[in-house]
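Presented below is the structure to which this report refers.
The values are calculated or read from the model by the stated rules, or taken from the named source; none is laboratory data. Predicted, not measured: the structure shown is a model, and the values here were computed from it. With ideal geometry, Cβ positions are generated from the backbone for all residues, glycine too; neighbour counts draw on all protein chains shown.
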Amino acid sequence: MAPPEALLLIDIDGKGRSCVLSGPNWLFWEEDVNQQKLLYLETFGCQMNVSDSEKITALMQGIGYGVTGEPKHADLILLNTCSIRAKAEQRVYGHLGRYKSLKAAKPGLLIGVGGCVAQQEGERLLAKLPFVNLVFGTHNLHLLQGMVLAAQKGKRCLETDFVDDEKRFDLFPGTATEGGVTRFVTVMQGCDNFCAYCIVPYVRGREISRSADKVLAEVERLSAAGVAEVTLLGQNVNSYGGRKPGEPDFADLLRQVAGVEGIKRLRFTTSHPKDISPELIECFATIPKLAPHIHLPAQSGSDRVLTLMNRGYTRGDYLAKVAALKAACPEIQVTGDMIVGFPGEDEEAFAQTLALMEEVGYADLFSFIYSARPGTKAADYADDTSRALKQERLERLQSAQKKTTLAKNRALEKSVQRVLVEGLGTSGDCLFGRTGGNRGTILNGDLSLSGRIVDVKIVEGLQTMLRGEICHV
Ligand code: 5AD
Ligand code: SF4
């Protein structure tokens, strides 16, 4: 019997995939006709990784990949990983296990690992995980296109060298999606502080600042694309400029960025308490666009533990800076990070942490059980607190913070807040925006308000957000 004619089915899954039905036995196979390869990118960890992932997306689009939200549709799966705590690292391995099964069913699938776990593990990752095609470190995004093209030809690639040069910031194309309401702009990367518990200086390298001209050019480009708010991003933005005489410091940079027309609101993260200068504090009093919010991790309220952590400030120094910030900007909201169960933390030290929290009155606090990280100074400290006790302290701390957060949210009821509308909320039927103090707020209104700062009367302060009504557009 003559074979039936081949039948071409175009775009069978709505994602541009086509297939050919053919004889003699009606064989069915996927064909590359009209097919755009698809990237599934998974991002773990901090805002720096979120920002790097935007660049990764742009780079992959540059070599022809579209983006999918479904790993099973992907031709390339990239993981942008985090190793700040052991749990974050274990999650990466868990996800990789799932992608290994996908690859068994689809041998052409490429899998790549980038970010902090990739930087830390490097060659060991390739050796341990034979199904991984490429490993790229935190300084190697500029090599990623070439690596993926080589992987398509069957090569396994590894790039984890540090590039300690400002050039690194200029190696990227514009970020993936121009526009949007709020965007990150990287102003510095890396960290020289070597807090005893922290892996960041090892996986992100030495501090390096991006020149003010380049930062301003990016902010101007974003503003022209309609962006209303920028968040200046770095592991330790307060040491921007390397404190070199004659070079702009972070306060100077903030003033310059605030001068960009079209930008309505300005934020920055993250800050190290020891580097908060009087000039920076002054910015909260003098730059109207600067949102009244600072993320200022204390990590502990005990001087003894702060010394063991190598933080470079005392409890008194920290509280004095918070007081100065509140004096300069009475409505400022302070958020922070806290570690419990650091080696040497006893009940008294923990009580000092709780007391510091009370005194500061954090709007929100991110809290973590200490996790020993390979190669850090604290990994050699005797870890003398039981897991159960660490867990109990974390729960005490978190329940105290929950009460403070709710009380602060309730205290905003009936007040009028300036809310930048970011778009639709997750439920899809309300708008979502943020107050200057960075409280998420849901409100009714038209989507056309996206990107506008509106006056909102807060009708309800909930545990994790506010509910408000627009009173003036
Ligand atoms: N264990 C627990 N928490 C950590 N952090 C950083 N390193 C560790 C660690 N080894 C926390 C700090 C930091 C936040 C980003 O993560 O609180 O500010
Ligand atoms: Fe880690 Fe300390 Fe640097 Fe922050 S300042 S990234 S906690 S070493």
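Looking at G375, G428, just one residue is within 16 Å of ligand 2 (Cβ to nearest atom) and out of contact with any Leu (no Cβ under 9 Å at 6 or more places or on another chain), and that residue is G375. Residues of the stretch 1-19 include none that is of a type outside the set (V, I, T), at pLDDT 90 or above, in contact with a helix residue (DSSP H, G or I) (Cβ under 9 Å, 6 or more places away or on another chain) and not in a helix (DSSP H, G or I). Which one is surrounded by the fewest Cβ atoms within 10 Å (Cβ to Cβ) among residues in the stretch 331-389 that are of a type in the set (V, I, T) and over 30 Å from V416 (Cβ atoms)? Among residues in the stretch 331-389 that are of a type in the set (V, I, T) and over 30 Å from V416 (Cβ atoms), the one surrounded by the fewest Cβ atoms within 10 Å (Cβ to Cβ) is I369.
Consider the stretch 431-473 and keep the residues that are out of contact with any strand residue (DSSP E or B) (no Cβ under 6 Å at 6 or more places or on another chain) and among the aliphatic types (A, V, I, L, M). The one that is nearest to V419 (Cα to Cα) is L447.
If you go through the stretch 189-244 and keep only what is within 16 Å of ligand 1 (Cβ to nearest atom), among the polar types (S, T, N, Q) and over 18 Å from the mean Cα position of the chain (by Cα), you end up with N193, S239. Listed by position, the helices (runs of 4 or more DSSP H) inside the stretch 156-258 whose residues that are in contact with a helix residue (DSSP H, G or I) (Cβ under 9 Å, 6 or more places away or on another chain) and modelled with pLDDT under 95 number at least 2 are 212-224. Considering the stretch 385-473, the qualifying strands (runs of 3 or more DSSP E), each wholly inside and each with 2 or more residues that are within 27 Å of E359 (Cα to Cα) and over 27 Å from the mean Cα position of the chain (by Cα), run over 453-461.
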